[in-house]
Amino acid sequence: MRSKSAKPAENLLDELQAALSHGTVARRVETLRRVTDLFVNNAVDYSDDHIRLFDDVFQCLIGQIETSARALLADRLAPMTAAPPKIIRTLALDEVIEVAGPVLTKSERLDEVTLIEIAHSRGQAHLKAISLRRVLSEALTDVLVTRGDEEVVQSTVKNPGAQLSEGSLTELVTRAERDDDLAGCIGLRPDLPRHHYLKLVAKASLSVRRKLEAAHPELADEVSSVVQEAAQRVRAAAMTRQIEMARALVKSLHDDGRLNEFQVATFAEQGKFDETNAGLAALAGVTVETAENMMIESRTEGVMLLAKVAGMSWPSVRAIIAMREKLSGGSQTDMLTLRNTYEALRSSTAQQVLRFHRMQQGGMPAGQ
């Protein structure tokens with residue numbers, strides 16, 4: 001059965017042909033307005049064939065019209081789930097942001113390939129429009145984070161529908177070390193993995209401390225103490241049920257005598273940060289918090305100190321270091337050099353350094 005809107009659409013063919021063949025720009029614009037009205041008001045009644053017809057008509061009409069008319073068309077078609085896909089792509093690729101913007105932000109008809117193509121090739125205004133979409137895939141946010149300026153990156157991070165890959169999170173946390181506003185945006189995301197959150201807090205605390213100490217050097221010691229206490233409160237608030245369960249599992253294994261270096265290495269190979277950290281703390285006889293501090297430090301010495309006290313063999317230590325590098329996104333270290341360092345490290349020296357850490361933090365050994 002023919003759609004009730006098919007006849008009006010077909011009745012425009014003569015007018016369209018006249019507008020395209022002999023019409024002025026003004027006539028094209030008026031014809032475009034009538035075609036747009038017809039489509040928008042009756043889109044639910046159109047078949048796929050009719051939508052393809054409108055698609056071809058739109059493509060023909062926008063070739064020589066002014067920017068304002070194209071922008072109006074984009075604004076009207078962008079929210080429509082049944083919008084003709086070819087004209088949506090054409091509008092999205094427009095170099096003028098007033099035309100491309102509404103489609104880049106709102107249109108569900110834009111495919112992922114086109115969005116990524118635009119994100120790679122267009123300027124910051126187009127990237128900002130994309131960052132406001134209801135849903136952003138990891139592949140798309142990777143491009144926005146890599147190519148975007150400060151405004152684009154913050155807009156992306158603030159978008160609750162943006163899916164952030166491990167690589168993007170690593171880059172963002174690194175950037176946040178010198179950008180307090182970005183650090184705040186990242187820290188408010190409920191999906192931020194704990195290992196990134198802890199690194200963010202540690203780095204942000206240092207940044208805040210330096211700024212406060214520079215402004216009030218006579219209060220440096222007092223400021224340092226206040227900032228440290230604040231960081232500890234924030235870290236405690238970051239505990240989740242999942243983390244509590246991970247620590248409970250490790251405690252159960254330890255209490256039953258089933259926790260050993262091979263189990264900890266298995267946790268590390270599976271990328272389980274909290275289980276690895278808790279297991280290493282238990283074997284080294286330190287608090288989970290002490291081990292956590294040493295695990296998120298930028299250098300690997302802390303991990304090796306804990307492992308040496310725990311009596312771990314190098315393969316297990318290597319697994320922990322590899323997990324740590326993968327989660328942090330840091331550059332790969334020279335494992336041969338680290339192995340030589342680890343094997344040369346004396347257990348008594350490691351014990352002495354850990355005692356110093358526990359004295360500084362007032363921590364008791366794990367399990368007490």
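Among the conditions (1) at pLDDT below 95; (2) part of a helix (DSSP H, G or I); (3) in contact with a Leu (Cβ under 6 Å, 6 or more places away or on another chain); (4) of a type outside the set (S, T, N, Q), the only one that Ala83 does not satisfy is (2). So, Leu172, is that one open to solvent by less than 10 Å² (accessible area, probe 1.4 Å) and farther than 22 Å from Met323 by Cβ or not? Judged against the criteria, Leu172 is not a match.
Kindly evaluate Thr24 against the criterion of being modelled with pLDDT under 75, out of contact with any Leu (no Cβ under 9 Å at 6 or more places or on another chain) and among the β-branched types (Val, Ile, Thr).
Details: modelled with pLDDT under 75: yes; out of contact with any Leu (no Cβ under 9 Å at 6 or more places or on another chain): yes; among the β-branched types (Val, Ile, Thr): yes.
So Thr24 passes the test.
It is to be established whether one or more residues within region 318-336 are modelled with pLDDT under 85 and over 21 Å from Lys199 (Cβ atoms). There is at least one residue in region 318-336 that is modelled with pLDDT under 85 and over 21 Å from Lys199 (Cβ atoms).
Does region 223-243 contain any residue that is modelled with pLDDT of 95 or more, of a type in the set (Gly, Ala, Ser) and not in a helix (DSSP H, G or I)? The answer is no; no qualifying residue exists. Counting the residues of region 62-98 that are open to solvent by less than 60 Å² (accessible area, probe 1.4 Å), within 20 Å of Thr141 (Cα to Cα) and in contact with a helix residue (DSSP H, G or I) (Cβ under 6 Å, 6 or more places away or on another chain) gives 2.
Of the set (1) at pLDDT 90 or above; (2) over 22 Å from Val250 (Cα atoms); (3) exposed (fewer than 14 other Cβ atoms within 10 Å of the Cβ), all apply to Ser313 but (2). Restricting attention to region 255-273, which residues are of a type in the set (S, T, N, Q), open to solvent by less than 60 Å² (accessible area, probe 1.4 Å) and within 15 Å of Gly311 (Cβ to Cβ)? Hit for region 255-273 is Gln263, nothing else. On inspection, Ala220 does not qualify as modelled with pLDDT of 70 or more, aliphatic (A, V, I, L, M) and either open to solvent by less than 60 Å² (accessible area, probe 1.4 Å) or outside any helix (DSSP H, G or I) (or both).
Tell me which residues, restricted to region 243-254, are under 19 Å from Leu327 (Cβ atoms) and open to solvent by less than 20 Å² (accessible area, probe 1.4 Å). Within region 243-254, Ile243, Ala246, Val250 qualify.
Please verify whether Thr341 is in a helix (DSSP H, G or I) and either more than 27 Å from Ser252 (Cα to Cα) or open to solvent by less than 10 Å² (accessible area, probe 1.4 Å) (or both), treating the condition exactly as stated. Answer is yes for this residue. If only residues of region 282-308 that are open to solvent by less than 10 Å² (accessible area, probe 1.4 Å) and under 30 Å from the mean Cα position of the chain (by Cα) are counted, the one that is farthest from Ile321 (Cα to Cα) is Thr290.
With respect to (1) closer than 21 Å to Leu115 by Cα; (2) surrounded by fewer than 19 Cβ atoms within 10 Å (Cβ to Cβ); (3) out of contact with any Pro (no Cβ under 7 Å at 6 or more places or on another chain); (4) charged (D, E, K, R), the lone exception for Asp56 is condition (1). Hey, among the residues in region 104-127 that are of a type in the set (Lys, Arg) and not in a helix (DSSP H, G or I), which one's least open to solvent (accessible area, probe 1.4 Å)? The qualifying residue least open to solvent (accessible area, probe 1.4 Å) is Arg122.
Flag not set for Gly101, criterion: over 23 Å from Asp191 (Cβ atoms) and open to solvent by 20 Å² or more (accessible area, probe 1.4 Å). Considering only residues in region 163-216 that are within 25 Å of Ala291 (Cα to Cα) and small (Gly, Ala, Ser), the one that is modelled with the highest pLDDT turns out to be Gly167.
The values are calculated or read from the model by the stated rules, or taken from the named source; none is laboratory data. Worth saying up front: this structure is predicted, and the values here are computed from it rather than measured. Every residue, glycine among them, receives a Cβ derived from its backbone with ideal geometry; neighbour counts consider all protein chains shown. These accessible areas exclude ligands, DNA and RNA; they are computed on the full protein's heavy atoms, side chains included. Shrake-Rupley method; radii C 1.70, N 1.55, O 1.52, S 1.80 Å.
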